[in-house]
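Have a look at the structure below, then the notes.
The values are calculated or read from the model by the stated rules, or taken from the named source; none is laboratory data. A quick note: this is a predicted structure, and the numbers were derived from the prediction, not measured. A quick note on method: Cβ atoms are made from the backbone with ideal geometry, for glycine too, and the neighbour counts reach across all protein chains shown. Accessible surface areas use protein heavy atoms only, side chains included; no ligands, DNA or RNA. Shrake-Rupley method; radii C 1.70, N 1.55, O 1.52, S 1.80 Å.
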Amino acid sequence: MKELGELEHFIGLEIDRSNKGIFLCQQKYAKDLLKKYGMLECKPIATPMEANAKLCSEEGKDLEDVTMYRQIVGSLVYLTLSRPDIAYAVGVVSRFMQTPKKPHLEAVRRILRYVKGTIDLGLLYKKGGACKIVGYCDADYGGDHDT
């Protein structure tokens, strides 16, 4: 074993220590993702999904390259490690991995545009104090067009 000092980078995760606490982000990973799929110069957007967007597995044209869709969604799933703000939107588009359609790809591109505008976001674990986790759930299964 060899001591390499304090951890700064680990499989795409950037760790920054300060007197406030520990900040985790994936800024370089996000930039590389945007560059790989030609979205580095895209126009940023304020939200990862349209409000009240309803995606259906049967609507829209089939994609010529489903592999690209799957790779992008897989990369976005990894990005949720430090970006819980996109977790819901990524979860929605990941439902269509089997047979993605054009509207699903457009939804993925919207998430990438959101990432472009919020590339410096991450998680800050503050020093001291109590750790409190708050979660929310949307149980509107009645609004799901597929099931």
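Go through segment 1-35 and report how many residues are among the basic types (Lys, Arg) and more than 24 Å from LYS126 (Cβ to Cβ).
Looking only at segment 1-35, we keep the residues that are among the basic types (Lys, Arg), and these are 2, 17, 20, 28, 31, 35.
Now restrict to residues that are more than 24 Å from LYS126 (Cβ to Cβ): 2, 31, 35.
Residues in segment 1-35 being among the basic types (Lys, Arg) and more than 24 Å from LYS126 (Cβ to Cβ): 3 in total.
Applying the selection to segment 85-99, what residues are open to solvent by 40 Å² or more (accessible area, probe 1.4 Å), more than 25 Å from LEU124 (Cα to Cα) and assigned to a helix (DSSP H, G or I)? It would help to see each step written out before you state the result.
Going through segment 85-99, the residues open to solvent by 40 Å² or more (accessible area, probe 1.4 Å) turn out to be 85, 87-88, 94-95, 97-99.
Now narrow it down to the ones that are more than 25 Å from LEU124 (Cα to Cα): 94-95, 97-99.
Across segment 85-99, the qualifying residues are SER94, ARG95.
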Only one of ILE11, ILE15 that is free of Cβ contacts under 8 Å to residues at least 60 places away in the same chain, touching a His at 6+ places or on another chain (Cβ under 8 Å), more than 17 Å from LEU105 (Cα to Cα) and among the β-branched types (Val, Ile, Thr): ILE15
Answer residue from segment 71-84, given it is part of a helix (DSSP H, G or I) and of a type in the set (A, V, I, L, M, F, W, C) and is nearest to TYR37 (Cα to Cα) among those: ILE72
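I'd like the full set of residues that are assigned to a helix (DSSP H, G or I) and open to solvent by less than 40 Å² (accessible area, probe 1.4 Å), limited to segment 100-116. Even if it seems obvious, please write down each step before you answer.
First, pick out the residues of segment 100-116 that are assigned to a helix (DSSP H, G or I): 102-116.
Result: HIS104, LEU105, ALA107, VAL108, ILE111, LEU112, TYR114, VAL115.
Could you list all residues from segment 117-138 that are basic (Lys, Arg) and either assigned to a strand (DSSP E or B) or under 15 Å from ILE22 (Cβ atoms) (or both)?
From segment 117-138, those basic (Lys, Arg) are 126-127, 132; that's our starting set.
Those that are basic (Lys, Arg) and either assigned to a strand (DSSP E or B) or under 15 Å from ILE22 (Cβ atoms) (or both): LYS126, LYS127.
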Could you please let me know if VAL66 is under 22 Å from ILE11 (Cα atoms) and among the β-branched types (Val, Ile, Thr)? no
Return the residues of segment 69-84 that are surrounded by fewer than 16 Cβ atoms within 10 Å (Cβ to Cβ) and over 14 Å from VAL108 (Cβ atoms); say none if nothing qualifies. PRO84
Checking the condition of a type in the set (A, V, I, L, M, F, W, C), surrounded by 13 or more Cβ atoms within 10 Å (Cβ to Cβ), within 27 Å of PRO103 (Cα to Cα) and touching a residue at least 24 places away in the same chain (Cβ under 8 Å), which residue from CYS42, CYS25 passes? CYS42
Boolean, VAL134 is without any contact (Cβ under 8 Å) to a residue 60 or more places away in the chain and among the β-branched types (Val, Ile, Thr): yes
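Conditions (1) at pLDDT below 90; (2) more than 12 Å from the chain's Cα centre (by Cα); (3) closer than 30 Å to VAL134 by Cα; (4) charged (D, E, K, R), marked per residue:
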| position | (1), (2), (3), (4) |
| --- | --- |
| LEU4 | yes, yes, no, no |
| ASN19 | no, yes, yes, no |
| PRO44 | no, yes, yes, no |
| LEU55 | yes, yes, yes, no |
| SER75 | no, no, yes, no |
| VAL93 | no, no, yes, no |
Number of positions in segment 8-61 that are charged (D, E, K, R), under 19 Å from VAL77 (Cβ atoms) and in a loop (DSSP other than H, G, I, E, B): 0
